[in-house]
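Take a look at the structure below.
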Amino acid sequence: MESKIPLIIDCDCTLGIPGCDVDDGTAILYMLGCSEVKIEGITCSYGNSTQDNVYNNVKRLLKKWRCEEIPVLEGSPSPAGRISPAAHFLADMSEKYKGSLRVLCLGSTTNLAGAGDINPDFYQNVKAFSFMGGLTEPLFVGGKPMGELNFSIDYASTVDIFSQAHDIYIASAGNCLKSYFSEAQFHAVTEANPCAMSDFLREEIQYWYDYNRKYWNLEGFINWDVMAAVQLVHPEYFNIKETTITPTHESMKNGSLNGGGPEIKCFLPEITDPAAYTEHVYQIYFNAKILEEKK
Ligand SMILES: [Ca+2]
């Protein structure tokens, strides 16, 4: 019997690549620290960078974290074709773990739609989907407007998925603004916890604080994708609101969840206590004993 939650992370992980977001990487770290979860594989998408860069970066990180046993699959490089090793892996694992597999989607949505094209039962087989993306209202960060990326970049796949999947949890861009990790807290927490994980975080995340100060006037960064990870495993940190969205191809070109299309049920969780939430996330990072020598 499978005692741990089987999970696939589909992501555009660029943690460590200059000028690119760190949040997929922190979401993977979070899942590695969740003792109730088993990461069955990481499927690579595009968005923060190209699929090739993402794939090589995930391989690099898993080697550094001594987690090379986790399968890494190449995804589609663009919306032009949905079928890829990643899509086949998602389709196959949904059969192997029918009714229990969770899918965490943190970048473009092409690979998931490909899995649905390969295996018509994919959407029914998956127990729950958690996404990061989408807008319910215009997004402003540090006083400046910010566009949507994850759902809009392959809007047709996104609408396809939402119209067929069930148990959809969406960390919308607006709701992610509370997933804010200040640089002051980062320094305080890593100094209070001298260990290999703190060293790793300092080495590989500092550039993103510098980037956010320069380009977004922030003394921290929004840890978008980690919210989608937390809401899937620890819903107690959220007010889980069931709602309906009405996306269309036209609305989804801008990432808007509401465009007057057919009603789709989903959950839009909201972080209830941001301080407790960030403390929890750091705690889970430190649970991940991935940088220590394995006995
Ligand atoms: Ca991402």
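Among (1) acidic (Asp, Glu); (2) within 16 Å of the ligand (Cβ to nearest atom); (3) surrounded by fewer than 18 Cβ atoms within 10 Å (Cβ to Cβ), where does Asp92 come up short? Only one criterion in (1) acidic (Asp, Glu); (2) within 16 Å of the ligand (Cβ to nearest atom); (3) surrounded by fewer than 18 Cβ atoms within 10 Å (Cβ to Cβ) is unmet by Asp92, namely (2). The residue of region 111-149 that is nearest to the ligand (Cβ to nearest atom), among those that are touching an Asp or Glu at 6+ places or on another chain (Cβ under 8 Å) and polar (S, T, N, Q), is Asn111. Annotation for region 44-54: at least one member residue is in contact with a helix residue (DSSP H, G or I) (Cβ under 6 Å, 6 or more places away or on another chain) and in contact (Cβ under 8 Å) with a residue 24 or more places away in the chain. Considering region 10-32, the residues that are away from the ligand (no atom under 12 Å from the Cβ) and farther than 18 Å from Lys63 by Cβ include one that is nearest to the chain's Cα centre (by Cα), namely Tyr30. Of all residues in region 151-174, those satisfying the criterion of being of a type outside the set (Val, Ile, Thr), over 14 Å from His249 (Cα atoms) and either buried (at least 19 other Cβ atoms within 10 Å of the Cβ) or within 16 Å of the ligand (Cβ to nearest atom) (or both) are Ala165, Tyr169, Ala171, Ser172, Ala173.
Applying a threshold of 6 Å to beta carbon distances and a minimum spacing of six or more residues, or different chains, the list of pairs starting in region 157-179 at a residue that is basic (Lys, Arg) and ending at one that is at pLDDT 95 or above and not in a helix (DSSP H, G or I) reads Lys178/Ile271.
Would it be correct to say that Ser108 is within 20 Å of Cys34 (Cβ to Cβ), modelled with pLDDT of 95 or more, within 16 Å of the ligand (Cβ to nearest atom) and not in a helix (DSSP H, G or I)? Against the criterion (within 20 Å of Cys34 (Cβ to Cβ), modelled with pLDDT of 95 or more, within 16 Å of the ligand (Cβ to nearest atom) and not in a helix (DSSP H, G or I)), Ser108 does not qualify.
Please work out if Lys38 is within 30 Å of Asp121 (Cβ to Cβ) and among the basic types (Lys, Arg). Yes, satisfied. Scan region 124-155 for residues that are on the phi < 0 side of the Ramachandran plot and more than 18 Å from the chain's Cα centre (by Cα) and the total you get is 11.
When you scan region 45-68, do you find a residue that is touching a Leu at 6+ places or on another chain (Cβ under 6 Å) and away from the ligand (no atom under 16 Å from the Cβ), even just one? Checked against the condition, which is being touching a Leu at 6+ places or on another chain (Cβ under 6 Å) and away from the ligand (no atom under 16 Å from the Cβ), region 45-68 yields at least one hit. Within region 3-35, the set of residues being touching a strand residue (DSSP E or B) at 6+ places or on another chain (Cβ under 6 Å) and assigned to a loop (DSSP other than H, G, I, E, B) comprises Lys4 only.
The values are calculated or read from the model by the stated rules, or taken from the named source; none is laboratory data. Just so it is clear, the structure is predicted and the values come from calculations on it, not from any experiment. Positions of Cβ are backbone-derived with ideal geometry, glycine not excepted, and every protein chain shown enters the neighbour counts.
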